[in-house]
1. Quick test for you: out of THR101, THR172, pick the one residue that is loosely packed, with under 15 Cβ neighbours inside 10 Å, without any contact (Cβ under 8 Å) to a residue 40 or more places away in the chain and assigned to a strand (DSSP E or B).
2. Being without any contact (Cβ under 8 Å) to a residue 60 or more places away in the chain and buried (at least 19 other Cβ atoms within 10 Å of the Cβ): is that true of ASN87 here?
3. Conditions: (1) of a type outside the set (Asp, Glu); (2) closer than 19 Å to THR233 by Cα; (3) touching a Pro at 6+ places or on another chain (Cβ under 8 Å). GLY166 meets all but one. Number of the miss?
4. Tell me yes or no: at least one residue of segment 81-93 is among the small types (Gly, Ala, Ser) and out of contact with any Asp or Glu (no Cβ under 8 Å at 6 or more places or on another chain).
5. Can you pull out the residues in segment 80-94 that are in contact with a Phe, Trp or Tyr (Cβ under 7 Å, 6 or more places away or on another chain) and either at pLDDT 95 or above or in a loop (DSSP other than H, G, I, E, B) (or both)?
6. Of the conditions (1) farther than 30 Å from LEU127 by Cα; (2) in contact with an Asp or Glu (Cβ under 8 Å, 6 or more places away or on another chain); (3) outside any loop (DSSP other than H, G, I, E, B), SER60 clears all except one; give me its number.
7. Checking the conditions here, which among THR124, THR109, THR119 is within 19 Å of TYR4 (Cα to Cα), hydroxyl-bearing (Ser, Thr, Tyr) and touching a strand residue (DSSP E or B) at 6+ places or on another chain (Cβ under 8 Å)?
8. Filter segment 145-169 down to the residues that are outside any loop (DSSP other than H, G, I, E, B) and either more than 12 Å from VAL228 (Cα to Cα) or not polar (S, T, N, Q) (or both) and list them by number.
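The values are calculated or read from the model by the stated rules, or taken from the named source; none is laboratory data. Keep in mind it's a predicted model, so treat the numbers as computed, not measured. Note: ideal-geometry Cβ built from the backbone for every residue, glycine included; neighbour counts use all protein chains shown.
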Amino acid sequence: VKAYAKAYAALYSDTATAKTYSVKVNGYETGNFVIAEGDVESAVDAINQISGSTGVTASSSDNKIILFDSDGDDITVENTQTLAGHNNLTVRKIGETGLITDNVGAAITLAVSGGNDATRVSGTLKLVSPNAFSIDQKAVNQVHTIAVGTLSGYNGSGGALTISDGGGNTVTLDYSGGAPADIDVLLTAIQAHASYGDLGFAVTKKDADELYYTWKTGGVPATAATYVSAGATNEAIATTTTGVVSKGYYTENTAAATLKNLTEINISTMVAAGDALSI
């Protein structure tokens with residue numbers, strides 16, 4: 001498996017009115033240039049004058065600037081113009097093809113300096129092999145921290161404790177006959193419930209007063225988890241780790257795969273032992 005890293009971004013003005021700007025690319029500032037919807041050559045020249053420091057070169061296509069980093073490093077662009085009304089610069093990620101029409105994600109408009117004046121474009125990684133291979137990219141599972149409240153309050157008012165993943169899976173415990181002695185007893189009862197395995201998350205102990213809900217799949221859950229005691233009034237649920245979906249993608253059963261917005265990947269080859277893996 002061979003990997004090829006590139007980073008492309010488009011930079012352009014969304015107004016026909018020519019305006020003077022300077023920008024920082026990867027922390028290095030250009031000289032002043034004039035740019036409009038139909039005129040980008042001054043900006044191309046200014047960016048190329050600092051390419052030895054930034055590692056980013058510029059070219060033009062369809063009255064837009066194509067920024068290119070041949071190593072696939074992130075490209076940052078910051079508007080350094082402070083004059084009012086100079087908020088027409090737009091940045092957009094371009095895919096591995098480098099074509100100005102190969103848009104990835106939403107376009108970002110840069111405010112004047114001091115506002116939301118900067119953005120970062122990540123690179124792409126293309127993996128190619130004459131043999132079949134698979135790619136698995138790491139995702140982040142969402143975690144909630146549950147404050148179980150005063151356990152002695154679970155006894156009474158029906159004594160019901162209800163845990164739900166919001167998707168129709170529920171664990172209900174009846175404590176009308178007496179509250180759980182401590183959080184360990186509570187956790188044991190939750191995990192022993194017949195419907196526990198159906199929940200969209202695992203329940204574990206954080207400390208003497210709190211539990212964790214750790215969702216079984218990466219990303220932000222489509223449903224809302226709950227933890228409600230009929231007897232206690234001070235239980236609470238909070239998100240402590242926000243889920244992140246797998247940011248890359250690939251096409252199965254093909255010789256080439258492209259990942260975008262890359263975070264972490266594992267590559268498994270389906271070739272004989274001893275074949276080289278280069279990345």
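1. Only one candidate passes the filter, namely THR172.
2. Yes, satisfied.
3. (2)
4. yes
5. Within segment 80-94, GLN81, HIS86, LEU89, THR90 qualify.
6. Checking SER60 against (1) farther than 30 Å from LEU127 by Cα; (2) in contact with an Asp or Glu (Cβ under 8 Å, 6 or more places away or on another chain); (3) outside any loop (DSSP other than H, G, I, E, B), the one that fails is (1).
7. Sole residue among the options that is within 19 Å of TYR4 (Cα to Cα), hydroxyl-bearing (Ser, Thr, Tyr) and touching a strand residue (DSSP E or B) at 6+ places or on another chain (Cβ under 8 Å): THR124.
8. Here is the first cut: in segment 145-169, the residues outside any loop (DSSP other than H, G, I, E, B) are 145-147, 151-154, 160-164.
Those that are outside any loop (DSSP other than H, G, I, E, B) and either more than 12 Å from VAL228 (Cα to Cα) or not polar (S, T, N, Q) (or both): THR145, ILE146, ALA147, LEU151, SER152, GLY153, TYR154, ALA160, LEU161, ILE163.
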